[in-house]
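Below is one structure, written out as structure tokens; comments come after it.
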Amino acid sequence: MMKYKSVLLAMATISTALMAGLFFAFSVCINPAFMRLSDSEYILAMQEINLAIVNPIFVFVFIGSPLFLILTVMTYKKQFGSGKFNYLFVAAVLYVLGCFGVTVLGNIPLNNQLADFSLQGSSALQIKAMRAAFADAWNNWHTIRTIAAVLSSVILVLACIKKDPPLKGEG
């Protein structure tokens, strides 16, 4: 059982860190570069990213992170109240609500709205309005999920280095 718990904790930590890294890189590299694009270039670039990101590796990590976190918390439930359990619980709640939830309820609906927008046949004014409606809201949600994912990753690393308390009857 101990090995299963360790593997699950590793999977939760790695998948969460991968998502945090993706969001962080987007915040510090891609978003600043995209601010330099014209409205139509920006919309096209975001539409292409939104198509490219839905691939098996991303989906596995995106869906896997909250699942691994929840399963990890469940496997450590016998240690309820311990420092390690508390770290795991906080990391899971923070990630599931602040990252996964924000993405599903905030960013994805905006991505879908952008996907439905056609650059062809749209005026410069319509394109500018679409970017304005999309970019600020999307970036605000993105900032929240980035912070949640990074904090969750840090807390998971703390959980990884926290020594497991002895089980009842041991020690």
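The values are calculated or read from the model by the stated rules, or taken from the named source; none is laboratory data. What you see is a predicted model, and the numbers here were worked out from it, not measured in a lab. Cβ: placed from backbone, ideal geometry, glycine included. Neighbour counts: every protein chain shown. Just so you know, the surface numbers come from the protein's heavy atoms only, side chains and all, with ligands and any DNA or RNA stripped out. Shrake-Rupley method; radii C 1.70, N 1.55, O 1.52, S 1.80 Å.
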Query raised in the report: What is the residue count in region 82-95 for residues that are open to solvent by 50 Å² or more (accessible area, probe 1.4 Å) and over 15 Å from V157 (Cα atoms)?
Result: 1
Report task. Restricting attention to region 103-137, report how many residues are without any contact (Cβ under 8 Å) to a residue 40 or more places away in the chain and either part of a helix (DSSP H, G or I) or of a type in the set (F, W, Y) (or both). Result -> 16
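Tally up the residues in region 96-106 that are surrounded by 18 or more Cβ atoms within 10 Å (Cβ to Cβ) and not hydroxyl-bearing (S, T, Y), please. Full working, then the answer.
Of all residues in region 96-106, those surrounded by 18 or more Cβ atoms within 10 Å (Cβ to Cβ) come to 96, 98-100, 102-103.
Add one more test, that the residue is not hydroxyl-bearing (S, T, Y), and what stays is 96, 98-100, 102.
Here the count works out to 5.
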Report task. Any residue in region 145-171 that's at negative phi and buried (at least 18 other Cβ atoms within 10 Å of the Cβ): show its pairings with residues that are outside any helix (DSSP H, G or I) and at pLDDT below 95 at Cβ separation under 9 Å, as long as the two are six or more apart or on different chains. Result -> A159/Y76
Query raised in the report: For region 1-79, which fully contained helices (runs of 4 or more DSSP H) count at least 1 residues that are open to solvent by 40 Å² or more (accessible area, probe 1.4 Å) and in contact (Cβ under 8 Å) with a residue 24 or more places away in the chain?
Result: 2-25, 39-52, 56-75
